[in-house]
Structures are given as C-alpha cells and as structure tokens.
Amino acid sequence: MKRVLPILKGFAIPVFIIVIWQSLSMYIQNSFILPGWETIIPVLIHPAEPLFGGASLFQNSLISLQRVLYGFLLAVFIAVPLGLLCGWSKSAEDYVNPIIQILRPVPPIAWMPLAIAWFKIGFGSLLFIIFIGSFFPVFISTIEGMRSIRIRWLEVAQTLGATTLEKFKTVVIPGALPSIWTGLRLAFGVAWMCLVAAEMLPGTSAGLGYLIMFAYNLGQIQVIVAGMIVIGVIGIVSDSIFRIGQTRLFGWQGKE
Amino acid sequence: MQVLVLKGISKRFCDDQAEFQALSDISCVIHKGEIVCLMGPSGCGKSTVLRILSGLESSDSGTICGSDGDVFDPVHTAMVFQEHGLFPWLSVYDNIAYGLRMKVRKIPQKQIAQKVHDLLSLVHMEEFANVLPHQLSGGMKQRVAVARALAIEPEILLMDEPFSALDPFSRHELQDEVIRIRDTLGTTFFIVTHNPEEAVYLGDRIIILSKRPSSVRKEIEVSSPRPRDLAEPEMIHLVREVTGYVSSG
Amino acid sequence: MRIWYLPLICFLILFSLVLGYVFLSGVDVSSISTEPEVQFVYATSGIMPQLLNTSQVDAFFVWESVVSTADLGGIGKVIARDADIPPDRKWENTACNVLVMRNSFITEYPEIASLLSAITIAGIQRIHEDPDEAMNITAGWVYGSHPIRSAGLTLNPIELEKNAFPHINFTDKARLPDPGYLQQSLYDYEMTLKSPSSRENVTVYTRALELLTGSEPELSHIPPYVRIGYLPSADLYAPLYVSIMGYEKICDRYGFCLVPDSHMSGRPTECQLRVQNSTITRIRLLPGQVGGGVMTGLGQNAIDVAYIGSVPSLMQISMGNPAAIIHSINAGGSGLVVDDSAPCTDWDSFIVWVKSRSSSGRPLIIAVPQSSIQEEMMREAFEYEGVQISLYGLPTFGAL
Ligand SMILES: Nc1ncnc2c1ncn2[C@@H]1O[C@H](COP(=O)(O)OP(=O)(O)O)[C@@H](O)[C@H]1O
Ligand SMILES: [Mg+2]
C-alpha cells in the first residue's frame, strides 16, 4: 500500500483532467477543439492499424525512437570524448568553450533550413537536429563531471601506482560518469522534443511529429492528441529508465 | 636498518603572488619497522613532507635515500589520508585490489584474490567485501583505506592525520590495529598527527617540526613497553613535553 | 567493471529497435511490385526550389509564383502546366482554390458572408479588367516589391507575376475537383466514411450575385469582426489581394468593399468592411502555412472565412469539418518544374524519364504540397500512367 499510494496520487490529476476534458467535449460538441476520448482511445488501442493509409501509430513511434537513438548515440560518441578532453586539458577547453557557448543557445530547430541543405531532407537532416539537441547537455555535463572529480582520488590512484592512462580509466571516467549520466538523461529528453518538432517540418514521411502534422492538415485532432500521449509516454518511460539506471549504477553519488 | 634518510629537504610554494618557504631544512632517519610520528604546529609542512615522500610533490633541494643508500623511490610508499579517499564507486574488495591491479605490479588475478582476502581478514572486514564505501562507518572506511595501502606492500606506510576525523572509540581501535599490523607484517609507519596522546601512544619516536619555514626541532624516543597506558605518570609527563614543543613552535 | 555495461545496454536497445524495424518492414518487402515507381516528398512551397537546386528532388509540382521563381531564377524549367496533366485536360477548368466559410458563420451572418463573396467576385472581375494593376498588387503582397534573390539571380517581382498570371484562370465558376485519389490513399481511415452535410453553399453565392447586380445589403446582424485565413505565399489568392488593395474602384461601383487600415503596407493585416461609406465590421487577415492548417483553424472556430485550396477544404469537409465552399477563386496555376538538364520537355517525355529511372532502381523524387490539389493531380496522373507512388524516406513500409 505504501508503494501504491504515491502512484495513485500521480494518477489523480490526469484522471481529473480526462474527466473535465470529456465533459467539456460533450458540452462543446466540436471535435476540432476538444475531441472526445471515445475518438482518441480507439486510435490508442489499435496502435498497429495504419493511419491515413500510412504507417501505424506503433510504426511511427518506432521510427521516431530509432531516429532519436541514432542521433543521440552519435552525439554521445562525440560529446563525451570531447567533454573528457576539455575537462582534462585546459588548453582544449580554451579552444572549444567559446564556440560551444555561442552555439548552445540556438534552438536546434533553427538549424532545420540549413540542415536540409547540408544533410538532405529526411534522415540526414533529422539526425543533425537531434545531434545538435543532445550534444550540448552531454558535453557540458561531461565537463561538469570532470570538475567534480576529487583531486584526492587522483592522488590516491597515483600513490597506488596508476599511470596517467590508468588514472583516466579507473578514476576519471567512473568519477565523471554520474554527471555524464545526468547529461544523457537531459539530452535524451531534449533530443526527443527536437525530433518530434523536426518531424513536423517538411521532408519527412513518417514519425510521430509527421503524424501529428498530417493529422493537423486533415483536421483529425483526436489523432494529434493520441500522438501527444504516445510522445509523453515514451518520454516518461525513457526518463525513468535513465532514473532507475542512476540509482542502480550510481547509488554512491552524493554519499561519499 | 634505515629505510629512509632525509637530508636537508626544502620546499618553496608560490601562493598567488607571494612566494614562501614551507620547509627549510628537514633531516631525519627512519628505521625499518619503526612507528614514527610527525608533529608540528598547524601549517608547518607536515603534509608536505609526506607528499614529497609519496611522490605527489617534489622537493626543491636535499636528498632522500632508501635502505640501499640510493635515491628513494616513492613506489615503496603508500599513503592513507585523513578523509579515507576510498573510490565510492568501487566495493571494499575492489578498493583494496585497486593498487594490485595496476600494470606496474604484474600480479596475476588469482594472487590478487588471495591477497585481498588476507587483507580483509587482517583489518577484520571479511563480511564487507562486496559493500560500497558509503555503507560503512568512518572507522571501517579508514580500515579499508589502510588495507588498500598495505595491499601494495609498501616499505613505509605514510599516514596523514589518519584517525583525527574518527570518534574516540574507533580511533583507539585503529591505533591498536596499527601496532598489531606493525608487529605481524613489520611495516614501517610514518604518521602525521596533531594529537600528542596519539603520538605518545603509538610512536617509537616522535619528530617535532618547528614553525614555518620548518626544520626538525626535536626528536623524542618513546621507549615505554607496550601496551602503553596513557594514565601512567610517565606518559602524562611525555604528553606534556610533546605538547610544549609543538605549541611553542 | 560495471561501467562497461552501459555501452552494452545502449547497444542492445539500439539493436532490438533495428531488429524490430527490419522485422516490421520486412513484412511488406515481398509485396513490392515491379511496376514503375516515383517517390513523393511533402514540402512547403517555399523550400521546393532549394530542394531542386540542391538535387534533393528531381521535380516539384506546385503553384504560382513558386513555379515562375524557379523558371526565371534559373533553377529549372517548367515542363507541364495544369492542362498538360492527364487525364485529358481535366484540370484546366477545375477549381484550384476556393472561398470557404464555417457553417455557423454562414448561418449567423448570411448577409456578411454574401458580401465577402461578392467582394471576392468583384476582385476577380478587377483582375480581368486591369491585369497590370492586379500583377502589381500581387507582387507587392507576396514579395513586398523588393527584388528577390534566387540561385544567384535577382528577380523583379513584377516580371515574375507577368510570367505567372497567364497560367492562372481566375474564376468563380470552376467546378470542384473530386479528391478521390487522395482519399483513397487514406483508404483505411474511418473518418473518411463520415458523410458531410453538404460541400457547397449555393445560397451565399446566389445572394452575392444579387448584391453585385444592385440588391441592397440588409445589415441586421453584424459580427464584431471576421477572421479570414489564407496562404500569403501564393499568387492564386490575387482576388483577395486585389479586392483589398484596389478597393476604391469596387467601392465606387458597388458601394461595398474591404478598406485596408494602413495604406503603407503592401500586405495589410487588418481592414474594414464598408457599406455605403460606413464601417460595418473589422476584418483580420490571418496568414497560414498550409491549407489543411487553415481549414483546421476554421473547424476550431479560430477562423471564419478562408481562401484556400479546393482539395484540403473538400477533404476536411468530407471528414466532418463543419464548413462549406462558396465558390471557386481560380483554376490552374500549377506547374511541374524539373532541372534544366533533365531529359524531358513535356509530360510524355517526363513519363519516359520516370520509367527509365524507375527501372534503373533510382525512382524520381517529386516534391508536392501535402494534401493539396497538386498532390491529387499527381496521384491521378501517375495512376493514369500506370506509375506507382511511394513516400520518399519510407520505401520499405510498402503500400504508402
Ligand atoms: N600546493 C600548495 N601551493 C601553495 N601552498 C601550499 C601548497 N601545499 C601546501 N601549501 C602551504 O604550505 C604550508 C604547509 O602546508 P601543509 O604541509 O599542508 O601543513 P600541515 O603541517 O598543516 O600539514 C601551508 O602554509 C600551506 O598553505
Ligand atoms: Mg596537513
């Protein structure tokens, strides 16, 4: 019961919203403003049925997820080593930091027109947008992680005979990992949002963002709401995977 | 037999703009199997001496020789810090095995396991092998830190105020532990402390540094048999003497 | 070391996703036919010249003045206009854009609805009476009269409109298309089954014609404002632009007109509906991005009246959007543009190219605006030519 209660509490407001939504939708009687749940739920419970003659809700989600993972992993494979380098060497940071700080505030979607010209419509430009979106959180929290490493740990490693490379492998990386993990978690959330936004732009032919835009063009608001729900659910599931990973892997964090 | 001979060690630090002499001329000798306590006023450079010996810092002048008369190699030392410095992401076992796994040691896996188990039982931590450090008490953490340092079989174990952050009970336990380890393994201990009772209880010899720029002000032999009782008048007298030397700088 | 599990976990997730993707898409791979094929890319009109210029698409089919921009701007050549698209000159006189109003607006303010319709028809008349003025107004509205840069050339908007206008037939009498192929492409979506009350509202149009022939407006019930949605990037809405910017002649002739608030801007956002020199109500002009979006806005009570493509409005009305088409604005005005070096000069040679590229395994990629009459035209034309359509970027999902 003690474990169930918080979960029940969490469900209270969504249920409340749905009830209010449904009553308002029955009152307004305009599926363009508030589509009833009797039209939204059928979309959700038939995820494998093709929508608008194209991919199904499930396929669209899978495609979006796949895109986001590719872009995210690409960003991780570049941002983590670069962050480690910049955290390790002051000179590297001096070179890299200004350009990073300039590019960081630019919303990833603003890159879309250029991305289409450089990386072509479809997968290439989307990958780039996701990459831009997830690069900065990972990069910055990697540097942060490097800063959070205690000098004492490095000294202990040295007195126990660690070479520079060994110090890097056995102290720097595990010491920075909790912060990097937090960065990954942030980055995945950002990447997911960027992707859906980018998919709404021209040149895509599948994905949740595309589905929402298509439904918008056809005035099918209930499909838009279903798409939003799936986006939210995937977001919360991926975030809790990261959160569970955080407690499992880095239970020591903040307790040394 | 001498394991360590320091001759005329000096060290300057650049602090922001000002440059100042921390150690001016430190000379002393440490013998095999001795427990030597290093004392001195706060900021006089005790930690600096240990850091130079452990290779974390270099001296500006002077020589450090080992048992064979050659230049001393910091590889033969291990260090225990005031705050245990355990790696929080490694289990007790892995923390102890850390030094053994470094490439320089070339120790096969099986032997490492054997050694770690021996050390765990030496510091009475067998049941905690797979526990992460944050689940241990302060005293237990410091035991693990000692075991980790002992794992690499140092000729001399450097300890920088190792027990000062512990509660009195754990501190006494660990002090006795040090004596027991010295008796069983014959390890040489060089312990920085600011606690005169601890120095008198533990030390075969107490070296007291002067104020900065520091040099050796006094060496006191403590020849009372062990186990020592700090309540005995002789001990009380000694504590008072040491306190006097330290506080008058 | 436990940290090395992390890359492993990441890899496993990725691997299973790829596996799932391959598995799911693999189901349809076997059913891919050997018929000739083209691929569609959905794009907004503005980006199409860039896509062609950077060889990301082989052709695009869109409305004026984008077609003329590409033509005069050295980006490509126009190989087919509406009349050239099969089957059999069908599209020449088919409504491309229409005037649409929300049913509740028509019911509540029938006279205002008819007045707006009448003013639009007057705008169409003005275009035919004075094409030069119409071109000037349209150039100013769409481009702001500044020279346009395109692929290294600088274009004069007026020249552009001179190139575009002959291909557009502004008329309120074009018949509505049947977006059957588009609807068929959404075959399995149940919403298509909803039967609309009626697609057209003849009453408003009939009354508008009366107003134009001298009947007095009866202004009993008046809304505080009317919101009009349209797509500012297209020439095809010239009747709207001309009726507002050339309001004086219409006022003089009929006694009612739309007067822009500001005479400084070539693209006003607010104007007034005037009848016999007195302001009846205010009009807000809301530019949209795509026709479907404007139509959805209509359904959401955010827009009352819209000038948009016939196909998006018909599709949404058939799916239950409570709106009705009043009359057409134009027919024609689309163009198929390919690269200058493309091996074709007309529709027939284009189809030859389509087939040869398809058999060489690199089907042509064609950009069209999503759910537009242009998409419908292309779908029907390719069906007629026996060419299959798939969506670019998603070939493995089969019957798209
Ligand atoms: N890396 C350093 N840079 C500058 N000054 C230092 C550094 N390390 C120690 N010092 C200074 O040297 C003096 C001796 O330090 P330390 O050996 O830590 O003294 P303690 O005897 O208290 O252990 C202190 O004044 C300290 O501030
Ligand atoms: Mg100190």
Q. Identify, please: which residue in the stretch C:365-374 is modelled with pLDDT of 90 or more and touching an Asp or Glu at 6+ places or on another chain (Cβ under 8 Å) and is, among those, nearest to the other protein chains (Cβ to nearest Cβ)?
A. C:Ile365
Q) Regarding C:Ser328, is this residue touching a residue at least 24 places away in the same chain (Cβ under 8 Å) and not assigned by TED's automatic domain parsing to the domain that holds C:Gly309? A) no
Q: For the stretch A:121-138, indicate whether the set of residues that are facing another protein chain (nearest Cβ under 7 Å) and within 21 Å of B:Arg101 (Cα to Cα) is non-empty.
A: no
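When the residues of the stretch B:33-68 are filtered to those that are at positive phi and in contact (Cβ under 8 Å) with a residue 24 or more places away in the chain, which remaining residue is farthest from ligand 2 (Cβ to nearest atom)?
Only one residue tops the list, namely B:Gly33.
Looking at this structure, is B:Glu83 touching a strand residue (DSSP E or B) at 6+ places or on another chain (Cβ under 8 Å) and of a type outside the set (Gly, Ala, Ser)? Before the answer, list the steps.
Details: touching a strand residue (DSSP E or B) at 6+ places or on another chain (Cβ under 8 Å): no; of a type outside the set (Gly, Ala, Ser): yes.
It is false that B:Glu83 is touching a strand residue (DSSP E or B) at 6+ places or on another chain (Cβ under 8 Å) and of a type outside the set (Gly, Ala, Ser).
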**Q.** When residues of the stretch A:67-100 are limited to those that are more than 15 Å from A:Phe188 (Cα to Cα), under 23 Å from the mean Cα position of the chain (by Cα) and not β-branched (Val, Ile, Thr), the one surrounded by the fewest Cβ atoms within 10 Å (Cβ to Cβ)
**A.** A:Pro81
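Answer yes if at least one residue in the stretch B:87-110 is touching a strand residue (DSSP E or B) at 6+ places or on another chain (Cβ under 9 Å) and either within 11 Å of ligand 1 (Cβ to nearest atom) or more than 14 Å from chain A (Cβ to nearest Cβ) (or both), and no otherwise.
no
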Q.
If a residue must be more than 9 Å from ligand 1 (Cβ to nearest atom) and assigned to a loop (DSSP other than H, G, I, E, B), how many such residues does the stretch B:55-65 contain?
A. 5
Q | Filter pass, A:Leu249 being at the interface with another protein chain (Cβ under 9 Å from one of its Cβ atoms), touching a Leu at 6+ places or on another chain (Cβ under 8 Å), more than 30 Å from A:Trp37 (Cβ to Cβ) and touching a residue at least 12 places away in the same chain (Cβ under 8 Å) | A | yes
(Q) Here is a list: A:Ser141, A:Ser205. Which entry is in contact (Cβ under 8 Å) with a residue 60 or more places away in the chain and among the hydroxyl-bearing types (Ser, Thr, Tyr)? (A) A:Ser205
Q.
Looking only at the stretch B:13-32, count every residue that is within 16 Å of ligand 2 (Cβ to nearest atom) and polar (S, T, N, Q) and tell me the total.
A. 0
Q. Filtering the stretch A:219-232 down to residues that are surrounded by fewer than 24 Cβ atoms within 10 Å (Cβ to Cβ) and closer than 27 Å to C:Ser45 by Cβ, which residue is modelled with the lowest pLDDT?
A. A:Ile221
(Q) With the requirement that a residue be without any contact (Cβ under 8 Å) to a residue 24 or more places away in the chain and assigned to a helix (DSSP H, G or I), what does the stretch B:71-98 give you? (A) B:Pro74, B:Asp94
Q) Among the listed residues C:Gly288, C:Gly332, C:Gly292, C:Gly386, which satisfies the condition of being farther than 26 Å from A:Leu126 by Cα and surrounded by 18 or more Cβ atoms within 10 Å (Cβ to Cβ)? A) C:Gly332
Q: Quickly run through the stretch B:211-223 and pick out the residues that are in a strand (DSSP E or B) and of a type in the set (A, V, I, L, M).
A: B:Val216, B:Ile220
Q: Quick one: which residue in A:Ile17, A:Ile63, A:Ile13 is within 12 Å of chain C (Cβ to nearest Cβ), in a helix (DSSP H, G or I) and of a type outside the set (Gly, Ala, Ser)?
A: A:Ile63
Q. What are the residues in the stretch B:15-54 that are away from ligand 1 (no atom under 13 Å from the Cβ) and more than 22 Å from B:Met1 (Cβ to Cβ), if any?
A. B:Asp25
Q) For B:Asn195, all conditions in the list (1) out of contact with any Leu (no Cβ under 9 Å at 6 or more places or on another chain); (2) on the phi > 0 side of the Ramachandran plot hold save one; what is the number of the exception? A) (2)
Q) Quick one: how many residues across the stretch C:34-74 are within 20 Å of C:Gly291 (Cα to Cα), assigned to a strand (DSSP E or B) and within 13 Å of chain A (Cβ to nearest Cβ)? A) 5
Q. Under the condition of being part of a loop (DSSP other than H, G, I, E, B) and of a type in the set (A, V, I, L, M, F, W, C), which residue from the stretch C:138-188 is farthest from C:Ala238 (Cα to Cα)?
A. C:Leu186
(Q) Can you tell me which condition C:Met319 does not meet? The list is (1) at pLDDT below 90; (2) surrounded by 24 or more Cβ atoms within 10 Å (Cβ to Cβ), and all the others hold. (A) (2)
Q: Residues being outside any strand (DSSP E or B) and at pLDDT 90 or above: count how many of those fall in the stretch B:5-41.
A: 5
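The values are calculated or read from the model by the stated rules, or taken from the named source; none is laboratory data. Please read all numbers here as calculations on a predicted model, not as lab measurements. Cβ: placed from backbone, ideal geometry, glycine included. Neighbour counts: every protein chain shown.
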